[in-house]
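Chemist: Quick one: the structure is below, questions incoming.
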Amino acid sequence: MPSEAILARRTDHMGASAIREILKVVSRPGMISLAGGIPAPESFPMDMIREITECTIEKYGSNAFQYDLTEGFPPLREALADYLTGKGLTTTAGEVLVSSGSQGVLDGIGKILINPGDQVALEAPTYLGALQAFAPYAPRYLEITTDDQGLLPDALDRILSRHAVKFIYLVPNFQNPTGCTLPADRRQAIAEIIQRHDALLIEDDPYGDLRYRGTPVRSIKALAPKHVVYISTLSKVFAPGLRLGFCLAPEPVHHWLVLAKQGVDLHTSTFNQALAAEYLSGGHLKRHLPRIINLYGPRQKALLDAMANCFPGEFTWTKPEGGMFVWVRGPQGMDMERVNQQAVARHTAFVPGTFFYARAGRGRETLRLNYTMADETSLARAAAILGDVLGSALAATGARHSVG
Ligand SMILES: Cc1ncc(COP(=O)(O)O)c(C=O)c1O
């Protein structure tokens, strides 16, 4: 059967992820991969999972295995409302919508908001999974200018003044891929701007709890609740395979997200939601989060220290206070896809930054490093190899080369 005859036109926009191809290569034995973006398996609270699995079956019995409400399992919605209120997002269970991963909300957002050609404003670079979720609905992207602290509020104001923007998509905490966190004064300015323009902002916050230094910054949702869809997940603080995300959306977005979800999966796994309800309400997350932070914090430090020693002086990089990523920028003319092949030949891998841009060909001189999946010794070794490979690639472009 010819595929053109059966496939919908929207599949034209659903290309295979180039990152998946890179990740296939880097899962070879002996490779130190700074390429993935996934939590360390040793960060999963396996002891607690054993304990709460029994409690969950005891407490909810067959209800934990029955169909349930699309909006979410009521005890989990209660527990999430308390958790979010504790983060300064005062809310009620009725406002919380549970999803199959935060990716499920991103897909729903695309489905209910984007008509072909609609304009979506976002940071460049941005989360690749959001680009993939929105792509089938054929938006046009407007890139908002950023600096090393993230989005520039004035640039957003200009875009909203000149263009009809369907929504803005932002990852304000420890952004994927850059690791940047938007400072409080910019969030305040953004909240004021979106309210003045009556614009909708999607605030995607999977990493906010993974803070190793400094103090948390208030979410934009707390500053402009009627103009923000706040999305988060238990993937980074419990276990990603459970596929548990959630959001707080103003009406009518909440209403339509529920209807869209009904058509996708009726609801997220009841049993997994029941487990998560126990994890949150039984105080397990509070006890476990410091363990995750104590695992990742030293890994991040080991990578940053080794980079400072081994990377050529022509490269700059972010020094995030949390999250899972460091973003590196080299001189113009560098081609990090080619550098990655050279690094892979030496059993070390990263993701070239160009994949995180909506516009093809941008960010060729950038790369993303993940530090959650390797131990400190491997990270230091990887940084030394990368420093070497970057130095050689730089010399090949004819630019100066100085270590440190
Ligand atoms: C910015 C961002 N949003 C959303 C997700 C999706 O997370 P999940 O679907 O596991 O909740 C990720 C995962 O890496 C992410 O980095």
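The values are calculated or read from the model by the stated rules, or taken from the named source; none is laboratory data. For clarity, every value in this text was computed on a predicted model and none was experimentally measured. All Cβ positions, even for glycine, are placed from backbone atoms using ideal geometry, and neighbour counts span all protein chains on display. To get the accessible areas, we keep the full protein, side chains included, count just its heavy atoms, and leave off ligands, DNA and RNA. Shrake-Rupley method; radii C 1.70, N 1.55, O 1.52, S 1.80 Å.
Chemist: Of the DSSP beta bridges with both residues in the stretch 118-180, give the percent that are antiparallel, rounding to the nearest 5.
Modeler: 20 percent
Chemist: Would you mind telling me which residue in Leu122, Leu84, Leu386 has the biggest mean-square fluctuation in a Gaussian network model of the chain, where springs connect alpha carbons within a distance under 10 angstrom?
Modeler: Top of the fluctuation ranking is Leu84.
Chemist: What's the longest piece of the chain with no exposed trypsin sites (Lys or Arg not before Pro), counting a site as exposed if DSSP puts it in a loop and it has at most 12 other beta carbons within 10 Å?
Modeler: By the stated rule (loop sites, at most 12 other Cβ atoms within 10 Å), 1-212.
Chemist: Under unit Cβ charges (Lys, Arg +1; Asp, Glu -1), what dipole magnitude, rounded to 20 debye, does the stretch 79-238 have relative to its Cα centre?
Modeler: So the magnitude is around 100 debye.
Chemist: Need one value: the accessible area of Thr85 in square angstrom, 1.4 angstrom probe, rounded to the nearest 10.
Modeler: 60 Å²
Chemist: What does the accessible area of His227 come to, in Å² to the nearest 10, when a probe of 1.4 Å is used?
Modeler: 30 Å²
Chemist: Quick one: grab the alpha carbon gyration tensor of the stretch 146-199, order the square roots of its eigenvalues as a ≥ b ≥ c, and give me rounded if a/c is under 1.5, else prolate or oblate depending on whether a/b is larger than b/c.
Modeler: Since a/c reaches 1.5 and a/b is larger than b/c, the shape of the stretch 146-199 is classed as prolate.
Chemist: Distance in nm between label sites at Lys286 and Ile6, each 7 Å beyond Cα in the beta-carbon direction?
Modeler: 5.4 nm
Chemist: With an 8 Å Cα cut-off and a minimum separation of 6 or more residues, compute the relative contact order for the chain in percent.
Modeler: Relative contact order comes out at 23 percent.
Chemist: Could you give the size of the charge dipole of the chain about its Cα centre, using +1 on the Cβ of each K and R and -1 on the Cβ of each D and E, expressed in debye and rounded to the nearest 20?
Modeler: 620 debye
Chemist: Shifting gears a bit: My understanding is that a pair violates if its Cα-Cα distance is over 31 Å; which of Lys59/Lys301; Lys226/Lys261; Lys24/Lys236 do that in this structure?
Modeler: The answer is Lys59/Lys301.
Chemist: Rolling a 1.4 angstrom probe over the protein heavy atoms, how many square angstrom per residue are accessible across the stretch 46-284?
Modeler: Each residue of the stretch 46-284 exposes 40 Å² on average to a 1.4 Å probe.
Chemist: Over all directions, how big on average is the projection of the convex hull of the alpha-carbon atoms in the stretch 46-284, in square nanometres?
Modeler: Over every viewing direction, the Cα hull of the stretch 46-284 projects on average to 12.4 nm².
Chemist: Let me ask you something else. Write down Rg/Rh for the chain, rounded to two decimals, with Rg from the C-alpha atoms and Rh from the Kirkwood relation over Cα pairs.
Modeler: Rounded to two decimals, Rg/Rh equals 0.97.
Chemist: A follow-up question, please. What is the antiparallel percent of DSSP beta bridges lying wholly in the stretch 194-280, to the nearest 5?
Modeler: Close to 50 percent.
Chemist: Does the stretch 197-267 come out rounded, prolate or oblate, given a ≥ b ≥ c as the square roots of the eigenvalues of its C-alpha gyration tensor, rounded meaning a/c under 1.5 and, failing that, prolate meaning a/b above b/c?
Modeler: Because a/c hits 1.5 or more and a/b fails to exceed b/c, the stretch 197-267 counts as oblate.
Chemist: Compute the accessible area per residue over the stretch 291-362, keeping the other protein chains in place, probe 1.4 Å, unit Å².
Modeler: Per residue, the stretch 291-362 has an accessible area of 41 Å².
Chemist: Taking all protein chains in place and a 1.4 Å probe, what share, in percent, of the accessible surface of the chain do carbon and sulfur account for?
Modeler: On the chain, the fraction of accessible area on carbon and sulfur atoms equals 53 percent.
Chemist: Ok, one more. Nearest 500 deg cm²/dmol is fine: what mean residue ellipticity at 222 nm does the chain get from its DSSP H runs of n ≥ 4 alone, each adding -39,500 (n - 2.57), divided by its residue count?
Modeler: Value at 222 nm, helices only: -13500 deg cm²/dmol.
Chemist: Suppose we keep just the DSSP beta bridges with both residues in the chain; what percent of those would be antiparallel, to 5?
Modeler: Among the beta bridges of the chain, antiparallel pairing accounts for roughly 55 percent.
Chemist: Sticking with this one: Assuming R0 = 45 Å, can you tell me the calculated FRET efficiency for the pair Asp185 and Leu266, based on Cβ-Cβ distance, to the nearest 0.05?
Modeler: 0.55
Chemist: In the chain, if the dipole is taken from +1 on Lys/Arg beta carbons and -1 on Asp/Glu beta carbons about the Cα centre, which of Ile38, Val25, Asn340 is farthest to the positive end?
Modeler: So the residue we want is Asn340.
Chemist: With unit charges on the beta carbon (Lys/Arg positive, Asp/Glu negative), name the residue among Gly282, Pro250, Leu170 whose Cα is farthest towards the positive pole of the charge dipole of the stretch 46-284.
Modeler: Result: Leu170.
Chemist: When the label point is put 7 Å from the Cα of Ile385 along its Cα-to-beta-carbon vector, which residues of the stretch 348-369 have a backbone N closer than 11 Å?
Modeler: Under cut-off, by backbone N: 348-350.
Chemist: Given the protein chains as shown and a 1.4 Å probe, how many square angstrom of Asp205 are accessible, to the nearest 10?
Modeler: Answer for Asp205: close to 10 Å² accessible.
Chemist: Cut-off under 18 Å on the C-alpha distance; same-chain residues fewer than 8 positions from Lys221 excluded. Which lysines are left, in chain and number order?
Modeler: Leaving aside lysines fewer than 8 places away in the same chain, those within reach of Lys221 are Lys87, Lys166.
Chemist: Positive end of the charge dipole of the chain (Lys, Arg +1 and Asp, Glu -1 on Cβ, about the Cα centre): tell me which of Thr90, Ile52, Phe325 has its Cα farthest that way.
Modeler: Selected residue: Phe325.
Chemist: If you place +1 on the Cβ of every Lys and Arg, -1 on the Cβ of every Asp and Glu, and leave all else neutral, what size is the dipole of the stretch 93-185 about its Cα centre, to the nearest 20 Debye?
Modeler: With only Lys, Arg, Asp and Glu charged at Cβ, the dipole is about 380 debye.
Chemist: Would you mind computing, in nm to one decimal, how far apart the modelled labels at Asn294 and Arg162 are, each placed 7 Å from Cα along Cα→Cβ?
Modeler: 5.2 nm
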